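Following: one structure in structure tokens, then a few remarks.
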Amino acid sequence: MKKTAVHKKGMLLPLLLPPAIWLFLFLFLPYLNLFSYSFWKPGPFDVVKEFTLHNYAKFFTATSSGSVPYHVLIDTVELALVVTVFTVILSFPLAYYLNFKVTRFKQTIYMLVIIPLWVSYIVRAYSWKIILGTNGILNSAFIWLGVTDHPLDIFLYSKVSVIIGMVHIYTPFVLMPIYTALEQIPRNLLEASKDLGAGRFQSFLHVVVPLALPGVIAGATFAFVLSMGDFLAPSLLGGPDSSTMIANIVQQQFGTSNNWPYGSAIGIVILVLVLAILELTGRAEKRFSALDTVAMRK
Amino acid sequence: MSEITIQLEGVNKFYGENHIVKDLHLDVFKGEFLTLLGPSGCGKTTTLRMIAGFEQPSSGKILLAGEDVAALPPNKRDVNTVFQNYALFPHMTVRENIGYGLRMKKTPRDEIARRVQDALRMVQMEAYADRKPRQMSGGQQQRVAVARAIVNNPTVLLLDEPLGALDLKLRKQMQFELKHLQQKLGITFLYVTHDQEEALTMSDRVAVIHNGRLEQIDTPAAIYNRPKTRFVADFIGETNLFKGKVVGTSAHEVSVAIEGAIFRFAHAEGQHSGAEVYVSVRPEAMSMTRERPEGEAGLVGRVTEHVFVGSVYKTIVTLPTGLEVVVVQPAASDGLIQQGEEVYLTWDSARSVVLAS
């Protein structure tokens, strides 16, 4: 290929400079700041800039009431996993159906799933309050159907409502990569599979699923990482205690508890965990990407 | 070669308003190498896909080994396809690709291993067994695609322009390899191509298809030497087509007036006096002289181009009417003709064909 202007060294630097400055100022510096705070001591008005590992120790040891703060992190990981599994379970069949079965309204249905992304997160979370609340649509429907004679309050402000809300919010992020992965499968591979004697299910299992796997991994990573860091869904839809997630704890430290060093330490722990997960899934994606188009993205 | 493996009976295929395959009758014999030849869009690939089961005929019957396969999906038909772009599974190794069909049929593990090994040997790809398709060249992928199909020992192997993506040299080599493989295995090959040279080189018989209609089916030599329609004469190899009119018929010959001269040809059936016809003469059946040939009618023209193309000389002679005639002569006949000279053209009437227009 002919060398374009961009390839020349002289042009490269000015092009890269703005994003580099941006990343340095708004990503690298804040993280550096967070990292420093996590080793300082909390003071009555401002932090005391003395080195300590106490913030990390506090996170991993039991409090006087007997609960261990990092257990919330484990609960959060569990919750994020549940959300991930449900989003994939919802997205894969839909993406498959759109790619292989629908012909006329393919784009329309796809857009119907994507459009909610343009609606504010808070609006979408609140809409679940309207649906799941004591006088919500779900309860009204149950009463009307005679399933129950009084409104049930088990739907809202529980782990279930948090999961429902997050599954709804993160499904588009999972659908998109899976849809793209399925779209990129050359159709003659499915014909070849059929030609070689594979039935519909066998083709699905041996050709479609393995080739869609990188998309599934990418989507699952989105869902997992995003729901791990979510604090709005649990604070809007979650209950008083059982459905608190790790991000809420962090938020508390920077807010009501006013313990920035402790909040920073938790933040760093989450960051390390998420980076480790991204590295693992990134490797898995490469490992399973068999199609040239996918491989080229490396 | 008498047992019929594939039988098409009045097969039609419509896509909406488009009539893609028109009333196709075709018998493919057991163990033969039959090629469907035609320009792109002539319906040859559609025909192949109907036999494989990827398309359903709009009407007509397809019989495989005597059995009507209308109700059978592709995975239940005893045919395998070598696809145009190979369609190898990118996430599987060569070995896994080749073993796929056997695995789907729940063949015992050790038998799969043995048969895959045999197939690998057959296409000389043993050294690449553990590679993924994208780590191989086009020619190697091609071999794997063939192995993946033949390992299942199908009644018929369908090949859809399998060499189309390869460069010329490799294509020539693969043509012979495929032909030898077919002879060795004795499997019926139904081959689709738009490359007439490929069709003539490899096939036992060639079926020329044009606009969804079967124009002629015969051996390569017969197709080349005795084309039955104007399209076949024009499509297969290079030919000179002269427009003429039948002026007399007898038991053995037919006289045709071409460009004001009368020529006699071996009797062409169904040509009556007064009929408009085309006479097809291959360039190598043409000859030219400076002197008027004795006792023979000849056309007069002027040499407008005279080029050496390796083994032969190719000369273009333009007739007064503007028609350009191609003459091919052995390179040894150098020095006879100069550009701009006036020459007399004659032809071997035994190697010429009179065709209805």
Select, from A:Phe92, A:Phe100, the only residue that is surrounded by 14 or more Cβ atoms within 10 Å (Cβ to Cβ) and within 20 Å of the chain's Cα centre (by Cα). A:Phe92
Is there a residue in the range A:226-237 that is of a type in the set (Phe, Trp, Tyr) and away from every other protein chain (no Cβ under 14 Å)? yes
Among the residues listed as B:Ala221, B:Ala199, the single one being surrounded by fewer than 24 Cβ atoms within 10 Å (Cβ to Cβ), in the same structural domain as B:Glu17 (by TED's automatic domain parsing) and out of contact with any His (no Cβ under 6 Å at 6 or more places or on another chain): B:Ala221
Residues of the range A:135-150 that turn out to be surrounded by 12 or more Cβ atoms within 10 Å (Cβ to Cβ) and hydrophobic (A, V, I, L, M, F, W, C), as a count: 4
Residue hits (the range B:14-54; part of a loop (DSSP other than H, G, I, E, B) and closer than 16 Å to B:Val82 by Cα) are B:Gly53, B:Phe54
Need the failing condition index for A:Thr256 against (1) assigned to a loop (DSSP other than H, G, I, E, B); (2) in contact with an Asp or Glu (Cβ under 6 Å, 6 or more places away or on another chain), just the number. (2)
If we scan the range B:114-129, do we find a residue that is within 9 Å of chain A (Cβ to nearest Cβ) and at pLDDT below 95? no
I need the full set of residues from the range A:191-207 which are surrounded by fewer than 20 Cβ atoms within 10 Å (Cβ to Cβ) and either touching a residue at least 60 places away in the same chain (Cβ under 8 Å) or of a type in the set (A, V, I, L, M, F, W, C) (or both), in order please. A:Phe201, A:Phe204, A:Leu205
Please determine, by comparing only the residues of the range B:68-83 that are at the interface with chain A (Cβ under 8 Å from one of its Cβ atoms) and part of a loop (DSSP other than H, G, I, E, B), which one is surrounded by the fewest Cβ atoms within 10 Å (Cβ to Cβ). B:Pro73
Counting only residues that are out of contact with any Asp or Glu (no Cβ under 9 Å at 6 or more places or on another chain) and closer than 16 Å to B:Ile262 by Cα, which one in the range B:279-319 is surrounded by the most Cβ atoms within 10 Å (Cβ to Cβ)? B:Val279
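Would you check if there is a residue in the range A:169-182 being assigned to a helix (DSSP H, G or I), polar (S, T, N, Q), farther than 16 Å from A:Glu285 by Cβ and within 14 Å of chain B (Cβ to nearest Cβ)?
Step one: filter the range A:169-182 for residues assigned to a helix (DSSP H, G or I), giving A:169-182.
If we keep only those that are polar (S, T, N, Q) too, we end up with A:171, A:180.
Still in the list and also farther than 16 Å from A:Glu285 by Cβ: A:171.
Remaining after also requiring within 14 Å of chain B (Cβ to nearest Cβ): none.
No, that holds for no residue.
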Return the residue satisfying two criteria in turn: it lies in the range B:84-113 and is surrounded by 17 or more Cβ atoms within 10 Å (Cβ to Cβ) and basic (Lys, Arg), and of such residues it is farthest from the other protein chains (Cβ to nearest Cβ). B:Arg95
Pairing a residue in the range A:278-298 that is at pLDDT below 80 with any residue that is in a loop (DSSP other than H, G, I, E, B), where Cβ atoms lie under 6 Å and the two sit 6 or more apart in sequence or on different chains, gives A:Ala290/B:Pro90; A:Ala290/B:His91; A:Leu291/A:Gln184; A:Leu291/B:Pro90; A:Thr293/A:Gln184; A:Ala295/A:Ser289
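Of the residues B:Val247, B:Val232, only one is among the aliphatic types (A, V, I, L, M) and surrounded by 18 or more Cβ atoms within 10 Å (Cβ to Cβ); which? Walk me through how you get there before you give the answer.
Details: B:Val247 fails: surrounded by 18 or more Cβ atoms within 10 Å (Cβ to Cβ).
From the options B:Val247, B:Val232, the qualifying one is B:Val232.
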Look through the range B:225-268, keep the residues that are touching a residue at least 12 places away in the same chain (Cβ under 8 Å), among the polar types (S, T, N, Q) and outside any loop (DSSP other than H, G, I, E, B), and return whichever of them is nearest to B:Leu299 (Cα to Cα). B:Asn240
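The values are calculated or read from the model by the stated rules, or taken from the named source; none is laboratory data. Keep in mind that what you see is a predicted model, and the values were worked out from it rather than measured. FYI the Cβ positions are ideal-geometry reconstructions off the backbone, even for glycines, and counts take in every protein chain you see.
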